[in-house]
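Colleague: My structure is below; once you've seen it, I'll send some questions.
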Amino acid sequence: MSVNEVNISGIGIHKGKPSSLRVVEKVNKGITFYSPAGKIELSPEVVVTDINSIHLATVLKAGSAEISTVEHLLGALVQFAGGADIYVSSDEIPILDGSALQFYNAFIKAGFLPGINPIALKKETSISFNDSKAIIKPVKNLNDAVYNIILDYSNPFLGELTYSYRPFTDSFLTSIAPARTFALEKDVKTIINMGLGKGGSLENTVIISENGPLNPDKMRFNNEPARHKMLDLIGDLATLNGLPKASITITKPGHKINAMIAKEIFKMQTD
Ligand SMILES: [Zn+2]
């Protein structure tokens, strides 16, 4: 039997270094990252959320190995039934165009088997962190699983955005995969001053000013930032090696609260 695999390369958005990736599909579940500094078995427990105070990307850490910006790759990979071995040449996953589209299309083209692994919940729970809040309730049927996010930016162009997505029945390819990374123009200086965003450009990030996007190609959807936040949520929950069969409503989602949700659900599984 031939092995399905995908090779992708690009640059990392934060350190700006070249990075190449080989993703080999496995029949059995479980995702393992192999980096030059060592290997990391994916679970919510290896997600570190204290790397920087503004939580710009999801970072995995085990021993001396650390891999950053895994969320778009994992958001695409969780749409497939099997596990994977992922070989990465640097400590950051390539940002590509800032979305999950190239990852998803590559997995389809390589013949990866579609199908999301549902994660059943034992009980209802709620989580809060600063002004972010999440309510998580188990549902009986896959069709009832729904993720709702409520964003509220002081930016007048974005304002309040809400977005709902049914992870097991809506189309990831058309609704979520194309939505690109974005940043508010007012935050760009802060990001650069922190020594991050070195690989960021209008090629991979939508920069939004008070009057709208600065990118010449504008937006792929009028609510592209909300769809990207949903991609980040799906990618962060994918550390569970599947997606929760749940109704999840999050006000002001972000990598920190997303990781707290995944850790809480993981704890429920193992209790
Ligand atoms: Zn993102």
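Colleague: With the checklist (1) more than 16 Å from the chain's Cα centre (by Cα); (2) within 16 Å of the ligand (Cβ to nearest atom); (3) assigned to a loop (DSSP other than H, G, I, E, B) in hand, flag the one item PHE168 doesn't pass.
Modeller: (2)
Colleague: Restricting attention to region 251-266, does a residue exist that is surrounded by fewer than 21 Cβ atoms within 10 Å (Cβ to Cβ), among the hydroxyl-bearing types (Ser, Thr, Tyr), away from the ligand (no atom under 16 Å from the Cβ) and not in a helix (DSSP H, G or I)?
Modeller: Looking through region 251-266, at least one residue is surrounded by fewer than 21 Cβ atoms within 10 Å (Cβ to Cβ), among the hydroxyl-bearing types (Ser, Thr, Tyr), away from the ligand (no atom under 16 Å from the Cβ) and not in a helix (DSSP H, G or I).
Colleague: Please state which of the following conditions ILE135 fails to meet, knowing it meets all the rest: (1) among the aliphatic types (A, V, I, L, M); (2) away from the ligand (no atom under 16 Å from the Cβ); (3) out of contact with any strand residue (DSSP E or B) (no Cβ under 9 Å at 6 or more places or on another chain).
Modeller: Exception for ILE135: condition (3).
Colleague: Could you count how many residues in region 185-206 are crowded, with 19+ Cβ neighbours inside 10 Å and either assigned to a strand (DSSP E or B) or modelled with pLDDT of 90 or more (or both)? First the steps, then the outcome.
Modeller: Let us first name the residues in region 185-206 that are crowded, with 19+ Cβ neighbours inside 10 Å, namely 191, 196-197, 199-200, 205-206.
Now narrow it down to the ones that are either assigned to a strand (DSSP E or B) or modelled with pLDDT of 90 or more (or both): 205-206.
Total meeting the criteria: 2.
Colleague: Continuing with the same structure: Across region 73-87, what is the number of residues that are within 13 Å of the ligand (Cβ to nearest atom) and either surrounded by fewer than 23 Cβ atoms within 10 Å (Cβ to Cβ) or closer than 19 Å to MET194 by Cβ (or both)?
Modeller: Number satisfying all stated conditions: 0.
Colleague: Can you name every residue in region 88-131 that is of a type in the set (Ser, Thr, Tyr), surrounded by fewer than 18 Cβ atoms within 10 Å (Cβ to Cβ) and within 16 Å of the ligand (Cβ to nearest atom)?
Modeller: Across region 88-131, there are no qualifying residues.
Colleague: What is the number of the single condition among (1) under 27 Å from ALA262 (Cα atoms); (2) more than 16 Å from the ligand (Cβ to nearest atom); (3) small (Gly, Ala, Ser) that GLY195 does not meet?
Modeller: That leaves (1) as the condition not met.
Colleague: Taking only region 216-250 into account, find how many residues are surrounded by fewer than 24 Cβ atoms within 10 Å (Cβ to Cβ), in a helix (DSSP H, G or I) and either more than 13 Å from the ligand (Cβ to nearest atom) or aromatic (Phe, Trp, Tyr) (or both).
Modeller: Residues meeting the conditions: 1.
Colleague: Quick one: is VAL70 within 13 Å of the ligand (Cβ to nearest atom), under 18 Å from ASN241 (Cα atoms), of a type outside the set (Ser, Thr, Tyr) and within 14 Å of the chain's Cα centre (by Cα)?
Modeller: Numbers: within 13 Å of the ligand (Cβ to nearest atom): yes; under 18 Å from ASN241 (Cα atoms): yes; of a type outside the set (Ser, Thr, Tyr): yes; within 14 Å of the chain's Cα centre (by Cα): yes.
Spelling it out, VAL70 is indeed within 13 Å of the ligand (Cβ to nearest atom), under 18 Å from ASN241 (Cα atoms), of a type outside the set (Ser, Thr, Tyr) and within 14 Å of the chain's Cα centre (by Cα).
Colleague: Turning to a different aspect of this structure: State yes or no: is ALA62 surrounded by 18 or more Cβ atoms within 10 Å (Cβ to Cβ) and in contact (Cβ under 8 Å) with a residue 60 or more places away in the chain? Outline the logic, then answer.
Modeller: On the way: surrounded by 18 or more Cβ atoms within 10 Å (Cβ to Cβ): yes; in contact (Cβ under 8 Å) with a residue 60 or more places away in the chain: no.
Answer is no for this residue.
The values are calculated or read from the model by the stated rules, or taken from the named source; none is laboratory data. Worth saying up front: this structure is predicted, and the values here are computed from it rather than measured. Cβ atoms come from the backbone with ideal geometry, glycine included; neighbour counts cover every protein chain shown.
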